[in-house]
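The values are calculated or read from the model by the stated rules, or taken from the named source; none is laboratory data. Here the structure is a predicted model, which means the values were calculated and not measured. Here the Cβ positions follow ideal geometry from the backbone for every residue, glycine too, while neighbour counts run over all protein chains shown. Heavy atoms of the whole protein, side chains included, go into the accessibility calculation; ligands, DNA and RNA do not. Shrake-Rupley method; radii C 1.70, N 1.55, O 1.52, S 1.80 Å.
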Amino acid sequence: MGDPRQAGPIDQGEDVRGAYFDAATATPLHPAAREALLGALDDGWADPGKLYTQARRARLLLDAARATIAQVLGVRPDELTFTSSGSTAAHAAVLGGLAGRRRAGATLVRSAIEHSAVLHAGERHVRDGGTETEVPVNLLGRVDLDAWTSAVSAPGAALAALISASHEVGTVQPVAAAAAACREAGVPLYVDAAQSLGRVPVPDGWSLLTGSARKWGGPPGVGLLVVRKGTRWVSPYPADDRESGRFPGAPDLPAILAAAASLHAVHETAAQESRRLSGLVDHVRATVAAIVPDVEIVGDPADRLPHIVTFSCLYVDGEALLTALDRRGFAVSSGSACTSSTLRPSHVLAAMGALTHGNIRLSLHRDTTADQVERFLAELPGIVAALRAEVGM
């Protein structure tokens with residue numbers, strides 16, 4: 001077989017869009033989001049903070065969107081703040097949570113597999129004089145609960161951060177048990193639920209939670225920050241009159257309305273869609289292990305998100321594999337899933353003790369079909385074999 005990276009263009013009759021397997025980064029826009037977005041362009045342009053007729057109409061729409069999302073999350077509308085992205089929401093949760101707990105301590109406790117946004121917020125905290133405690137995970141990517149309990153119980157622990165489920169390998173984290181340990185220690189828990197919202201329920205017990213609309217089929221540019229009543233939180237941003245002073249700048253009302261409509265829609269079908277996607281992922285896990293030599297399937301095989309599967313191929317460069325698959329019309333992630341443009345080795349896989357090179361993450365969505373998955377499985381072995389042949393394996 002020739003160099004798969006030099007292959008000609010894919011057959012124009014093939015559904016390239018249907019071969020998009022990177023929903024963990026951004027899910028294609030849900031029809032409900034598209035409809036709401038287009039409709040809101042006529043009604044949602046005014047400033048909801050003003051008092052004239054158009055502004056009052058915009059305010060009603062903003063309040064309705066907030067109430068819809070709050071109902072899905074099971075929180076109070078006044079606990080929910082809209083931000084400009086999931087990353088800015090994570091920054092606000094970490095830095096604001098630490099600022100609110102300054103008198104209690106200066107240590108951020110976090111798992112080793114948090115999203116890069118949380119890592120970057122932690123780096124800022126350390127530069128400003130704070131400290132961090134990193135809690136390890138096991139081979140499946142699940143946090144060590146004994147180490148977690150010790151860390152949050154240590155003097156000076158101010159805030160704990162635990163992702164609801166790994167964005168790179170799909171392993172679900174023991175949020176309820178981690179929350180119980182935090183509650184016993186009197187330390188608030190922040191949960192990054194970006195990959196879970198709209199797919200699986202998030203256990204209660206947390207004090208702060210964030211999400212990202214583009215992960216569930218909403219538009220980019222909308223993040224969620226939930227601060228539970230009674231949680232000490234101080235905005236890390238300059239004072240602003242909008243969003244109860246929690247996040248500055250005018251809200252993108254059409255995008256927020258689209259985010260609310262899509263979250264409501266995916267929530268209604270979450271159980272059924274999770275079963276369908278989980279079946280496809282099970283098929284990928286079993287088939288790749290059977291047809292591709294020297295491959296490692298990573299993450300928990302059962303207690304995981306329904307739409308994510310990650311595997312690592314020995315003797316294959318991740319960038320070359322991604323490029324070869326892209327030439328065949330398959331959009332996948334490689335390297336670190338949250339910083340894939342750099343193709344740096346994944347900090348998540350490294351923390352798990354898994355192979356950090358030649359790794360591929362498939363994340364499926366509502367438009368993914370069994371036929372598209374079968375085409376991927378049919379072409380993968382030849383592509384991997386050709387790349388290995390290049391390096392003499």
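Counting Lys and Arg as +1 and Asp and Glu as -1 over every other residue whose Cβ lies under 12 Å from the Cβ of ARG56, the net charge comes to 0. Rg/Rh for the stretch 185-246 (Cα atoms only, Rh after Kirkwood) is 1.00. Each label was represented as a point 7 Å from its Cα along the Cα-to-Cβ direction; for GLU390 and LEU51 these points are 6.7 nm apart. Of the residues SER87, PRO136, ALA24, the one whose Cα sits farthest towards the positive end of the charge dipole of the chain is SER87 (charges of +1 on Lys and Arg Cβ, -1 on Asp and Glu Cβ, taken about the Cα centre). Sites listed here are trypsin sites (Lys or Arg not before Pro) in the stretch 65-140 whose DSSP assignment is loop and whose Cβ has at most 12 other Cβ atoms within 10 Å: ARG102, ARG103.
A Cα-only calculation for the chain places Rg and Dmax at 21.6, 72 Å. Over the stretch 348-393, the Kirkwood radius and the radius of gyration, each from Cα atoms, give a ratio Rg/Rh of 1.08.
On the basis of the beta-carbon distance and an R0 of 51 Å, LEU38 and GLU132 show a calculated FRET efficiency of 0.70.
For the stretch 92-193, with all protein chains in place and a probe radius of 1.4 Å, 51% of the accessible heavy-atom surface sits on carbon or sulfur. Taking the charge dipole of the chain about its Cα centre, with +1 at Lys and Arg Cβ atoms and -1 at Asp and Glu Cβ atoms, the residue from LEU189, VAL348, GLY329 reaching farthest to the positive side is LEU189. Take the alpha carbon atoms of the stretch 351-393, find their center, do the same for the stretch 119-160, and report the distance between the two centers in whole angstrom. One Cα centre to the other: 33 Å. Only Cα pairs under 8 Å and 6+ residues apart enter the sum, and on that basis the relative contact order of the chain stands at 24 percent.
Taking Lys and Arg as +1 and Asp and Glu as -1, the other residues whose beta-carbon sits under 11 Å from that of LEU159 total +3. Between VAL202, SER235, ALA160, the Cα set farthest toward the positive side of the dipole of the stretch 158-258 (charges on each charged residue's Cβ, about the Cα centre) is that of VAL202. Restriction of the trypsin sites (Lys or Arg not before Pro) in the stretch 143-215 to DSSP coil positions whose beta-carbon has at most 14 other beta-carbons within 10 angstrom yields no sites.
Per atom type, the stretch 237-393 shows carbon and sulfur on 53% of its accessible surface, probed at 1.4 Å.
Here, the stretch 80-157 yields an orientationally averaged convex hull projection of 5.8 nm² when only Cα atoms define the hull. In summary, the helical segments of the chain meeting the span-like criteria, namely a full DSSP H run, a Cα extent along the axis of 18 angstrom or more and a mean Kyte-Doolittle hydropathy of at least -1.0, are 31-43, 53-73, 86-100, 253-268, 270-291, 370-390.
The tail of the calculated P(r) for the stretch 23-168, taken as Cα-Cα distances beyond 23 Å, holds 52 percent of the pairs. Rg of the Cα atoms in the stretch 210-286, relative to 2.2 N^0.38 Å, amounts to 1.48. Charged neighbours of LEU98, selected by a Cβ distance under 12 Å, balance to +4 (K, R count +1; D, E count -1). Longest span of the chain, sites excluded, free of chymotrypsin sites (Phe, Trp or Tyr not before Pro) in DSSP loop with at most 13 other C-beta atoms within 10 Å? The longest such stretch corresponds to 53-393.
Working note: Cα gyration tensor of the stretch 244-391, eigenvalues times five, square-rooted, sorted largest first, giving semi-axes of 31, 20, 15 Å. Its Cα centre serving as origin, the stretch 284-393 has a Cβ charge dipole (Lys and Arg +1, Asp and Glu -1) of approximately 140 debye.
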